[in-house]
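Here's the structure we're looking at; comments come further down.
FYI, it's all coordinate maths here, none of it is from the lab. A quick note: this is a predicted structure, and the numbers were derived from the prediction, not measured. Here Cβ is always computed from backbone atoms with ideal geometry, including for glycine, and neighbour counts include all displayed protein chains.
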Amino acid sequence: MKTGIFLAFFAISGLLLAHQPNDKTITNLAASVAEKGQVKNFTKPDEVREFPKGKLELIKIGNATIGRATFQPGWKWSESLQPLVKTSSCEAPHFQYHVSGTIMVKMDDGTLLECKPGDVSLLPTGHDAWVVGNKPAVVVDFQGMIDYAKTGK
C-alpha cells in the first residue's frame, strides 16, 4: 500500500514538473487521482439539445462528455443541422455505437458508409449523414458531441 502511494506521488510530481503546473493543473490532477466511481443514466441527462427531426442528450461523467442522439425518419444532417452550424459538412468527429435504426454517411471524399444496429463507427470530420428507412436511429457517441448542434458563427 505504501509503495503504491509513493509511486502515485512520484508520478504526479514528475507530471507537475514536466508541465509547468498552474492552479488548474494541480486541481485537475488532484481530482483525477481522487476520482470515485460514477454512474449516470440518459434518463437524466445533464443537457438536452433539440434540432429539426432530432435530439441530443449529453452526460458529463469523469472528464468525458457522452452523447446519445436520436434521429427521426427523414433526418439529414445537411437539412437539419447545416443551417444551424453554418459549415459545409459536419465538422464533428464521431466514435459511435449504433443502438437502433440505420444511418447512411457520405464522407466529403464520396465514400459511403452504412451504419446499422450493433455497428461501431469512427467518422472523421467532413461528412453528411441521414436516416435510412422509417425507424428512428439512435447512436451513443463517445467523442464528437460536445459542440454538436450548437449555433454556428
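Among the residues of this structure, GLY110 counts as one that is without any contact (Cβ under 8 Å) to a residue 12 or more places away in the chain, out of contact with any Phe, Trp or Tyr (no Cβ under 7 Å at 6 or more places or on another chain) and exposed (fewer than 12 other Cβ atoms within 10 Å of the Cβ).
Sub-7 Å Cβ pairs linking a first residue in the stretch 71-83 that is on the phi > 0 side of the Ramachandran plot to a second residue that is surrounded by 15 or more Cβ atoms within 10 Å (Cβ to Cβ), at least 6 apart or interchain, are GLY74/LYS53; GLY74/VAL131, ordered by first then second residue.
Of the residues screened, VAL131 is one that is part of a strand (DSSP E or B), of a type outside the set (Gly, Ala, Ser) and in contact with a Phe, Trp or Tyr (Cβ under 7 Å, 6 or more places away or on another chain).
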